[in-house]
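Right, one structure below, let's go through it.
The values are calculated or read from the model by the stated rules, or taken from the named source; none is laboratory data. These figures come from a predicted structure and were not determined experimentally. A quick note on method: Cβ atoms are made from the backbone with ideal geometry, for glycine too, and the neighbour counts reach across all protein chains shown.
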Amino acid sequence: MPAIGMGTWHMGEDRASEEDEAGALCAGMAAGMRLIDTAEMYADGDTERVVGAALKKALHGGVPGLTRDDLFVVDKVLPEHAGADDVRRSCEASLNRLGTEYLDLYLLHWRGDVPLAETVAEFRKLCDEGLIRRWGVSNLDVPAMEELMAVPGGDGCATDQVLYHLGSRGVEVALQPWLRTHRMPMMAYSPLAQGGTRSRRGLFQDPTVRAIAQHHQATPAQVLLAWVLRDDHTVAIPMASSITHAQQNAAAAALRLTEEDLTQLDEAFPAPTEKQPLDWL
Ligand SMILES: NC(=O)c1ccc[n+]([C@@H]2O[C@H](COP(=O)([O-])OP(=O)(O)OC[C@H]3O[C@@H](n4cnc5c(N)ncnc54)[C@H](OP(=O)(O)O)[C@@H]3O)[C@@H](O)[C@H]2O)c1
């Protein structure tokens, strides 16, 4: 799984911005980003249409040499569509809106009333039929992950996508170590603090973050992304609707924070020492 990708939440909500949004995704691909994260929930499917337009543009000359196999498309099924038959219907509708034949990763967006065993069985069928390459979950904490491991095929889960950034470190107490033990990468959403316990403005304006950014000739946003990516076990999926932001985010994957940077950031934004409820948006 690529370490850095592109989120898409809120794209497709305003027709007038769609072309620019697809352009930003295309620019991100041109700058080297290969993972795109979307969901059937976003703009009731219209976000997937914007992603589809970006894929079409990138794969038809927008990004020379790029092929579908180079890309890693992530989509999510709503919990109310996670039962037998409904998963397939949702998946096919998403593929249709995206204009692609398969998803690289299909996630349960959050846990609802459908038993995990039923959803996993459907995901496995979609894998067998080649509609999806892998499946995973989102917004599940350790007890639900333990439950997942106990259902048939549950240990085939590829990732857990959760809210994580410098100002929202609750998962470090239990979930992140659990995922490491199970050799499952964590996918960090809202890595630029769109949601979570600390305000985004506070993080971007923080003197420690700003000093480290200045030292590396980077932006505060790039420092936040490099921090999420520091352990090679976490994927970050920042959303950028501007081309400049998309290019900066692609470049952030090459930024390596020093031990001293990490110590300073730990002092400014300490990790909690006790288990916290999962942050989510
Ligand atoms: N699984 C889930 O339940 C869940 C929940 C939330 C999000 N997600 C996924 O995670 C993705 C990312 O999370 P998010 O959208 O909540 O927020 P985010 O990535 O933390 O923040 C997005 C905001 O950051 C700005 N930004 C992007 N790059 C920047 C840069 N280099 N410098 C300064 N500002 C920058 C964007 O502005 P511009 O648009 O102006 O560029 C946008 O306002 C979502 O889009 C979605 O795909 C999943």
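Among what's in segment 223-242 and is more than 9 Å from the ligand (Cβ to nearest atom) and aliphatic (A, V, I, L, M), pick the residue that is nearest to residue 36 (Cα to Cα). Can you show your working first?
Within segment 223-242, the subset more than 9 Å from the ligand (Cβ to nearest atom) is 223, 226-235.
From what is left, the residues that are aliphatic (A, V, I, L, M) are 223, 226, 228-229, 235.
On the way: 223: 21, 226: 18, 228: 17, 229: 17, 235: 12 Å.
Only one residue fits best here, namely 235.
Every listed requirement among (1) among the charged types (D, E, K, R); (2) exposed (fewer than 15 other Cβ atoms within 10 Å of the Cβ); (3) over 16 Å from the mean Cα position of the chain (by Cα) is met by residue 261 save one, (2).
Note on segment 151-175: residues that are within 16 Å of the ligand (Cβ to nearest atom) and either within 23 Å of residue 223 (Cβ to Cβ) or in contact with a Lys or Arg (Cβ under 6 Å, 6 or more places away or on another chain) (or both) amount to 12.
For segment 17-45, enumerate the residues that are free of Cβ contacts under 8 Å to residues at least 40 places away in the same chain and either under 14 Å from residue 96 (Cα atoms) or loosely packed, with under 15 Cβ neighbours inside 10 Å (or both). Walk me through it before giving the result.
Residues of segment 17-45 free of Cβ contacts under 8 Å to residues at least 40 places away in the same chain: 18-19, 22, 26, 30, 34, 36, 42-44.
The answer is 19, 44.
Among residues belonging to segment 95-131 that are part of a strand (DSSP E or B) and either farther than 13 Å from residue 157 by Cα or not aliphatic (A, V, I, L, M) (or both), point out the one that is nearest to the chain's Cα centre (by Cα).
So the first thing to find is which residues in segment 95-131 are part of a strand (DSSP E or B), and the list is 103, 105-108.
Filter again for either farther than 13 Å from residue 157 by Cα or not aliphatic (A, V, I, L, M) (or both), leaving 103, 106.
Details: 103: 14, 106: 12 Å.
Among them, the one singled out is 106.
Residues are listed down the side, and each one gets a yes or a no for (1) among the charged types (D, E, K, R); (2) away from the ligand (no atom under 15 Å from the Cβ); (3) modelled with pLDDT under 95:
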site: 5; (1), (2), (3): no, no, no
site: 10; (1), (2), (3): no, no, no
site: 13; (1), (2), (3): yes, no, no
site: 48; (1), (2), (3): yes, no, no
site: 60; (1), (2), (3): no, yes, no
site: 80; (1), (2), (3): yes, no, no
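Counting just the residues of segment 221-242 that are touching a residue at least 12 places away in the same chain (Cβ under 8 Å) and closer than 19 Å to residue 270 by Cβ, which one comes out surrounded by the fewest Cβ atoms within 10 Å (Cβ to Cβ)? Only one residue fits best here, namely 230.
Here are 267, 274: which of them is more than 12 Å from the ligand (Cβ to nearest atom) and either outside any loop (DSSP other than H, G, I, E, B) or under 16 Å from the mean Cα position of the chain (by Cα) (or both)?
Values: 274 fails: either outside any loop (DSSP other than H, G, I, E, B) or under 16 Å from the mean Cα position of the chain (by Cα) (or both).
From the options 267, 274, the qualifying one is 267.
In segment 1-16, the residues that are of a type outside the set (Val, Ile, Thr) form Cβ pairs under 6 Å with partners that are surrounded by fewer than 17 Cβ atoms within 10 Å (Cβ to Cβ), at six or more places apart or across chains, as follows: 12/46. If you go through segment 227-273 and keep only what is out of contact with any Leu (no Cβ under 8 Å at 6 or more places or on another chain), among the charged types (D, E, K, R) and at pLDDT 95 or above, you end up with 256, 259, 260, 261, 266, 267. Would you please list the contacts, defined by Cβ atoms under 8 Å and residues six or more apart or on different chains, that run from a residue in segment 141-165 that is within 12 Å of residue 183 (Cβ to Cβ) to a residue that is at pLDDT below 95 and not acidic (Asp, Glu)? Matching pairs, first to second residue: 158/1; 159/1.
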